[in-house]
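> Take this structure first; my questions come after.
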Amino acid sequence: MPEDPLLEIAIRSSNSLTEEEAREAEILDKLAYVEEDGDDCDDGIQWIEESNWDILGWVDGKLVSHVILSKHVIRVGSQSLTIAGVGGVATHPAWRRLGFAGRLLKAAEDLMRSEGCYDFGMLFCDTEMIPYYSRNGYTLVHNPLFIMQRGQRVPFDDNELVLPISGKLWPEGVVDIPGSPW
Ligand SMILES: CC(C)(COP(=O)(O)OP(=O)(O)OC[C@H]1O[C@@H](n2cnc3c(N)ncnc32)[C@H](O)[C@@H]1OP(=O)(O)O)[C@@H](O)C(=O)NCCC(=O)NCCS
C-alpha cells in the first residue's frame with residue numbers, strides 16, 4: 001500500500017451506478033460489516049433498501065470506501081424536517097485509519113449543504129462509534145425514536161446523531177421516521 005494513497009471521491013445518484021459499481025459497493029459493504037462483527041450483521045432490523053446518493057472512494061480503480069445518503073421527511077416533536085440519512089459507512093479493512101471514511105463524510109456534508117433542501121444529516125450508530133462521528137461534526141441527541149417495521153410503528157433503540165445543515169435547532173420531542181431506518 002502506498003504511503004499516501006490517492007483517494008478519488010465520486011458522488012453519484014444511486015440510480016446512476018453501473019451494475020458493476022453496485023456489485024462492488026455491495027461486496028465492500030458486506031466485507032466491512034462482516035469483518036467488524038464476525039457475523040453477517042443480521043440484527044433483525046429491516047433497513048432501507050434504496051438510497052439517493054452514493055459517495056464512493058476509489059484507490060487505483062478499486063472501491064475502498066463508501067457512504068450512502070437517503071432523503072427522508074421525518075417528524076420531530078411538532079416539526080416536519082427533511083433529513084439526509086447517512087448510512088453504510090464502510091472502508092475496506094486494508095485501507096482503514098487513513099481518513100477515507102472521514103473524507104467521504106465531509107463530501108456527504110458538502111452535498112447536503114449544496115443541495116439546499118436538508119435541515120439535518122442524521123445517522124444511527126453503536127455507542128463505540130459516537131466519538132468518531134462527534135469528531136466529524138455530528139451531535140448525539142436523545143429524542144424517543146420510532147420507525148416503521150413490517151407495517152408497525154415500533155421503538156428503535158439506537159444512538160441518534162444529527163448534523164445541523166439549514167440552521168434550524170434540533171427540536172425536542174418524539175422522532176417519527178415513516179419507514180425503515182438507514
Ligand atoms: C468505521 C470505518 C468506516 C472507519 O473507516 P476509516 O476509513 O478507517 O475511517 P477514518 O480513517 O476516517 O477514521 C478512523 C477512525 O474511526 C474510528 N473507528 C473505527 N472503527 C471503530 C470502532 N470499531 N470503534 C471505535 N472507533 C472506531 C477510530 O476513531 C479510528 O481512528 P483511530 O483508529 O486512529 O482511533 C471502518 O472502520 C469500517 O468500515 N468499519 C466497519 C463498518 C462500520 O462499523 N461502519 C460504521 C457503522 S456506524
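The values are calculated or read from the model by the stated rules, or taken from the named source; none is laboratory data. These figures come from a predicted structure and were not determined experimentally. Ideal geometry is used to build each Cβ from the backbone, glycine not excepted, and the neighbour counts take in all protein chains shown.
> C41 versus (1) away from the ligand (no atom under 12 Å from the Cβ); (2) at pLDDT below 95: which is the lone unmet condition?
(1)
> Also, I was wondering about something else. Does segment 152-162 contain at least one residue that is of a type outside the set (D, E) and within 12 Å of the ligand (Cβ to nearest atom)? So that I can check it myself, show each step before the final result.
Kept after step one, since they are of a type outside the set (D, E), are these residues of segment 152-162: 152-156, 159, 161-162.
Applying the additional criterion that residues be within 12 Å of the ligand (Cβ to nearest atom) yields 159, 161.
So far as segment 152-162 goes, yes, one or more of its residues are of a type outside the set (D, E) and within 12 Å of the ligand (Cβ to nearest atom).
> Residues of segment 85-104 being assigned to a strand (DSSP E or B) and of a type in the set (G, A, S), which ones? Please lay out each step first, then the result.
If we filter segment 85-104 for residues that are assigned to a strand (DSSP E or B), which is where we start, we get 85-91.
Correct list: G85, G87, G88, A90.
> A further question on this structure: Within segment 59-73, count every residue that is surrounded by fewer than 19 Cβ atoms within 10 Å (Cβ to Cβ) and over 15 Å from P93 (Cα atoms).
4
> Filter segment 82-118 for residues that are over 20 Å from V64 (Cα atoms) and among the polar types (S, T, N, Q); which is surrounded by the fewest Cβ atoms within 10 Å (Cβ to Cβ)?
By that ranking, first place goes to S114.
Yes/no per residue for (1) under 30 Å from L6 (Cα atoms); (2) among the basic types (K, R):
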| site | (1), (2) |
| --- | --- |
| F124 | yes, no |
| N143 | no, no |
| K168 | no, yes |
| E172 | no, no |
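> Let me ask something else about it. Give segment 46-84 a look and list any residue that's closer than 14 Å to S13 by Cα, touching a residue at least 60 places away in the same chain (Cβ under 8 Å), part of a strand (DSSP E or B) and touching a Ser or Thr at 6+ places or on another chain (Cβ under 6 Å), or say none.
Correct list: I68, S70.
> I would also like to ask the following. Could you count how many residues in segment 148-182 are over 16 Å from V89 (Cβ atoms), without any contact (Cβ under 8 Å) to a residue 40 or more places away in the chain and not in a loop (DSSP other than H, G, I, E, B)?
Final tally of qualifying residues: 5.
> Restricting the first residue to segment 128-139 and requiring it to be part of a helix (DSSP H, G or I), which pairs with a second residue that is of a type in the set (G, A, S) meet a Cβ separation below 9 Å and a spacing of at least six or different chains?
Short answer, once both residue conditions are applied: Y132/A101; Y132/G102; R135/G102.
> Do we find that T127 is modelled with pLDDT of 95 or more, more than 14 Å from the ligand (Cβ to nearest atom) and either touching an Asp or Glu at 6+ places or on another chain (Cβ under 9 Å) or among the β-branched types (V, I, T) (or both) in this structure?
Numbers: modelled with pLDDT of 95 or more: yes; more than 14 Å from the ligand (Cβ to nearest atom): no; either touching an Asp or Glu at 6+ places or on another chain (Cβ under 9 Å) or among the β-branched types (V, I, T) (or both): yes.
No.
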